[in-house]
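As structure tokens, the structure follows; a few thoughts come after it.
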Amino acid sequence: RPNVGKSRLVNRLAGRHAAIVHDTPGVTRDRQAIEVEFDGLSFRLIDTAGFEEAAIGSLAARMTGQTLTAIAEADALLFIIDARDGVTAGDEIIAQALRRSGKPVIFAANKCEGRTNLEEVYGLGLGEPIRLSAEHGIGMGELAEALEEHIPRTAPPPEDEDTAAEDGADETEDYDYPDKPLR
């Protein structure tokens with residue numbers, strides 16, 4: 001669905017501004033594939049415009065077509081709802097289409113910075129959502145665990161001792177980028 005935070009989450013997972021984020025619905029019009037290294041996982045993430053009911057041949061219909069193509073190409077699907085809005089009729093339609101795809105669905109509720117009542121989400125038939133905030137980096141560890149079920153972990157590249165010394169890197173320093181804000 002438009003404006004649930006898909007592009008912001010893509011940027012959080014990518015660790016860079018790979019997708020345009022704006023409050024205006026419809027900014028993402030095409031699907032965009034982004035190579036991501038996140039929490040020891042290496043995968044291709046596809047940002048989509050989402051689903052919108054529209055007249056055949058319209059821009060919104062073409063955007064939905066791009067989303068359906070991305071679903072067909074994907075190994076697993078990440079379905080995001082806006083926790084502030086609760087479950088909408090659009091969310092129900094999307095959940096039904098994702099279940100019909102037969103692909104594994106990782107279900108997340110974005111914008112969970114404060115109190116959220118998510119009792120109605122169980123009606124979507126996707127189980128307990130991962131509560132997250134793409135903007136504030138909340139829930140990224142839980143999302144990484146869910147992604148790991150579908151993506152094999154990559155071994156960290158061997159670190160060259162000379163490069164580490166030149167960079168001033170401290171071997172005891174542990175940088176946990178999923179919990180850091182986007183720059």
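If you go through the stretch 3-20 and keep only what is modelled with pLDDT under 75 and over 20 Å from ARG62 (Cα atoms), you end up with HIS17, ALA18. Checking each residue in the stretch 68-95 for being open to solvent by 60 Å² or more (accessible area, probe 1.4 Å) and either outside any helix (DSSP H, G or I) or over 13 Å from ARG1 (Cβ atoms) (or both) picks out LEU68, ALA72, GLU73, ASP75, ARG84, ASP85.
Okay, residues lined up against (1) at pLDDT below 70; (2) in contact with a strand residue (DSSP E or B) (Cβ under 9 Å, 6 or more places away or on another chain); (3) open to solvent by 60 Å² or more (accessible area, probe 1.4 Å):
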residue	(1), (2), (3)
VAL105	no, yes, no
ALA108	no, yes, no
LEU124	no, yes, no
GLY137	no, no, no
ALA146	no, yes, no
ASP162	yes, no, yes
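Does the stretch 70-87 contain any residue that is of a type in the set (A, V, I, L, M, F, W, C) and modelled with pLDDT under 80? No, the stretch 70-87 contains no residue that is of a type in the set (A, V, I, L, M, F, W, C) and modelled with pLDDT under 80. You will find that of GLU53, GLU128, the residue that is surrounded by fewer than 18 Cβ atoms within 10 Å (Cβ to Cβ) and either at pLDDT below 90 or in a helix (DSSP H, G or I) (or both) is GLU53 and no other.
How many of the residues in the stretch 96-114 are over 21 Å from ASN3 (Cα atoms) and touching a Gly at 6+ places or on another chain (Cβ under 8 Å)?
1
With respect to the numbered conditions (1) touching a Gly at 6+ places or on another chain (Cβ under 8 Å); (2) of a type in the set (S, T, N, Q); (3) not in a loop (DSSP other than H, G, I, E, B), which one is the sole condition not fulfilled by ASN117? Of the numbered conditions (1) touching a Gly at 6+ places or on another chain (Cβ under 8 Å); (2) of a type in the set (S, T, N, Q); (3) not in a loop (DSSP other than H, G, I, E, B), the odd one out for ASN117 is (3). Considering the stretch 110-122, and only residues there that are at pLDDT 90 or above and open to solvent by less than 40 Å² (accessible area, probe 1.4 Å), the residue that is nearest to LEU45 (Cα to Cα) turns out to be ASN110.
The values are calculated or read from the model by the stated rules, or taken from the named source; none is laboratory data. Keep in mind that what you see is a predicted model, and the values were worked out from it rather than measured. Positions of Cβ are backbone-derived with ideal geometry, glycine not excepted, and every protein chain shown enters the neighbour counts. These accessible areas exclude ligands, DNA and RNA; they are computed on the full protein's heavy atoms, side chains included. Shrake-Rupley method; radii C 1.70, N 1.55, O 1.52, S 1.80 Å.
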